[in-house]
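Visitor: A single structure is presented below for examination.
Every number here is computed from the coordinates shown, using simple stated rules; none is lab data. Since the structure is predicted, the reported quantities are computational estimates derived from the model, not experimental observations. When we count neighbours, we look across all protein chains shown, and the Cβ atoms used for this are built from the backbone with ideal geometry, even at glycine.
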């Protein structure tokens, strides 16, 4: 079977309020078949990868960050392909992975991807840049039709996230292939919307604080009046991230 050209979307089989139809994993076929993000180990996901490879071995997994919906599938993938090369950005307490390093190149299928450290959603978050095709694999940096949670106290940092968005915009990608949702065909427009959205949210938080509304849950209720219960915890963490940014800047 001839390897399919171009990235193949294989959903991880974990639909939910925060994952949508399920995480995206991207298979780059070729001399060194590579999967971007590992999913959660769902048997149907592993079988979909095996079917796409038609008897060839998966050579490598590149993990955008260590959140469970992106990384916890590694043991199942290693069980199917024991010689699998698995890489991620390492924190000081981690072992069992090959490290990714900012600015270096890693083979994926028949391509070479450039590793970009993009903290903000998570301290270990990376993106992968295919310069010749101008495809950017963005993990949890962006989601079409939604925004990204910045989990304060769990590795999220809003100031770093905004800097990471600016770094991605400077590349002028043609499209972004995210960890959730549809391919983003107008990435610069979406990044600009994201930055403006964060400025607007920050202004709302500042007004709450000026009005004496300092409880995080009360702020969430005020600026997200119609939020669904399933995503309220994410909104709470993001409000905390805004407050931490304001404190660091001496504004709260």
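Visitor: R0 = 51 Å: FRET efficiency of residue 98 with residue 221, Cβ-based, nearest 0.05?
Guide: Efficiency, rounded to the nearest 0.05: 0.70.
Visitor: Helix 187-210 against the longest principal axis of the chain: what's the angle in degrees, Cα atoms only, rounded to the nearest 10?
Guide: Orientation of helix 187-210: about 30 degrees from the principal axis.
Visitor: Continuing with this model, one more query. How long are the semi-axes of the equivalent ellipsoid of region 60-121, taking √(5λ) for every eigenvalue λ of the Cα gyration tensor, in whole Å from largest down?
Guide: Semi-axes (√(5λ), whole Å): 18, 16, 10.
Visitor: To continue, here is another question. DSSP beta bridges in region 8-186, what fraction antiparallel, as a percent rounded to 5?
Guide: Of the beta bridges lying entirely in region 8-186, close to 65 percent run antiparallel.
Visitor: OK, next. Expressed as a whole number of Å, what is the distance separating the alpha-carbon centroids of region 166-202 and region 98-122?
Guide: 19 Å
Visitor: Measuring from label point to label point, each 7 Å out along Cα→Cβ, what is the residue 90 to residue 144 span in nm?
Guide: Each label point lies 7 Å from its Cα, and together they span 3.7 nm.
Visitor: Which ordering of 197, 125 is given by a fewest-first count of other beta-carbon atoms within 10 Å?
Guide: In increasing order of surrounding Cβ atoms, one gets 197, 125.
Visitor: Which residue, 179, 13, 96, has the most motion in a Gaussian network model of the chain that connects Cα atoms within less than 10 Å?
Guide: Of the options given, 96 has the highest mean-square fluctuation.
Visitor: Ok, one more. Name the residue, out of 76, 189, 169, whose mean-square fluctuation peaks in a Gaussian network model built on the chain with Cα pairs under 10 Å.
Guide: 189
Visitor: Based on C-alpha coordinates, I'd like the Rg and Dmax of the chain, in Å.
Guide: According to the Cα coordinates of the chain, Rg and Dmax are 18.7, 65 Å.
Visitor: So how tilted is helix 43-53 from the main axis of the chain? Cα-based, degrees 0 to 90, rounded to 10.
Guide: 50 degrees
Visitor: How far, in degrees from 0 to 90, does helix 232-248 lean away from the longest principal axis of the Cα atoms of the chain, to the nearest 10?
Guide: 70 degrees
Visitor: At R0 = 41 Å, how high is the FRET efficiency between residue 56 and residue 211 if r is their beta carbon distance? Nearest 0.05 is fine.
Guide: So the FRET efficiency works out to roughly 0.10.
Visitor: Before anything else, pin down the relative contact order of the chain: Cα pairs under 8 Å, at least 6 apart, normalised by residue count, whole percent.
Guide: 14 percent
Visitor: If you don't mind, another one. Compute a Gaussian network model of the chain, connecting alpha carbons closer than 10 Å, and tell me which residue from 178, 15, 151 fluctuates the most.
Guide: Looking only at 178, 15, 151, the biggest GNM fluctuation is shown by 15.
Visitor: Let me ask something else. Taking 0.36 nm per residue of sequence separation and subtracting the Cα-Cα distance, how much length would be gained by fully extending the chain between residue 167 and residue 21, in nm to one decimal?
Guide: Here the segment from residue 167 to residue 21 would lengthen by 49.7 nm.
Visitor: What ranking do 172, 88, 144, 245 get, fewest neighbouring Cβ atoms within 10 angstrom at the top?
Guide: 172, 144, 245, 88
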